[in-house]
Amino acid sequence: MPRRPTRGRGSMIARPLTFAPFSRSLAHLHSTHMPKHQMLGSKVPGSPSNNKGGAVVKKILKEKNEQSESSEEEEFGGDVQADFAFFDPKPDDFHGVKILLHSYLDNTEWDLSGFVDLILEQTTVGTVVKIEDDEDNGLFSVVSALNLGRYKDHKCIAELKEFLLKHCLEKNIKGDLRVLLGEQAHNVGLLVSRRVVNLPPQLLPPLYDALCDEISWATEDEPTEELRNSFRFNSYVLVSKIYKHKNADKKNRLSSDSEEAIIYVNPEDEIFHKLSLWSFNFPFHAEQVTAHEVSSNCAYLE
């Protein structure tokens, strides 16, 4: 299905209300650090394999050469420029997306390959970020929104729902979660967002703007009414990773004001958390750190 033409940032397109405060907050956080010539739009139309030049940002990485005595390090020191671009997901992205999502449900054995396939098959809504003209075809980010009702018969979605219900130990939330993943699932979008930690923050507002545009366009342009309705989300579920201080839940809290109770791996997750109607945390065992416990946060946004 061909893309709609790229729209300017000032267009009056109707966006899902869930993302409006988020986009404004995120844009405000990074606008002071983003030159005007780097203000990006959505993906350009065209086939996924030939999609070039859409939403490109140049990132200058200052590499500190601490061991300047080495001639080899001096040779490769300095500025490194990378042109990041947005692309439609395609089958060749399978391994890159799978790597980004390898710990999505912690160490659980589940149908991750099937989950990646769903993301790649949904080309009208979803974005991957790569370095433009990179022969290695490496992926730096993936963003998509999957209808939990539309894909309810897929093994990976059934296992994901089972995982979340199993790990939700808060009784006042578990009932709402069960309804959300069950009878209301046809109106619920699973917001999937994973990226490398050093992705340029300037990419975040246009990346989520692109997702909002695509969801809105899909409600009008999909070939059947059933497909169009599958993108009319009333709410979203987001699973994200956080670092929670081991003393955060104790009465004396933290030993000093400089210690944060929660550290968000991705800054936008804090905004999503504040916008959510409810959320719950559960331990994350794929990695461990000393001062903080690694947890996953499941947030419900409406």
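Site pair Ile99 and Leu165 shows an inter-label distance of 3.5 nm when each label is modelled 7 Å from Cα along Cα→Cβ.
Run the numbers for Ala158 and Val196: contour at 0.36 nm per residue of separation, minus the present Cα-Cα distance, in nm. Intermediate values should be presented prior to the final figure.
Numbers: separation 38, 0.36 × 38 = 13.68 nm, distance 2.71 nm.
Between Ala158 and Val196, full extension yields 11.0 nm more.
Within the assembled protein chains, the solvent-accessible surface assigned to Asp111 is about 50 Å², based on a 1.4 Å probe.
How much accessible area per residue does region 93-233 have, counting only protein heavy atoms and a probe of 1.4 Å, in square angstrom?
Working: 6090 Å² over 141 residues.
Accessible area per residue, region 93-233: 43 Å².
Segment Gln81..His186, full-extension length gain: 33.5 nm, with 0.36 nm per residue of separation and the alpha-carbon distance subtracted.
Over 30 Å apart at the Cα level, from the set Lys90/Lys174; Lys130/Lys241; Lys90/Lys274, are Lys90/Lys174; Lys90/Lys274.
In this structure Arg150 has an accessible area near 100 Å², from a 1.4 Å probe over the protein heavy atoms. Here is the size of region 139-227 from its Cα atoms: Rg then Dmax, 15.6, 41 Å.
The values are calculated or read from the model by the stated rules, or taken from the named source; none is laboratory data. None of the values given here were measured: they were computed from a predicted structure. Don't worry about glycine lacking a Cβ; one is built from the backbone with ideal geometry, like all the others, and counts go over all protein chains shown. Ligands, DNA and RNA are stripped out before the accessible areas are found, and what is left, the full protein with its side chains, is counted by its heavy atoms. Shrake-Rupley method; radii C 1.70, N 1.55, O 1.52, S 1.80 Å.
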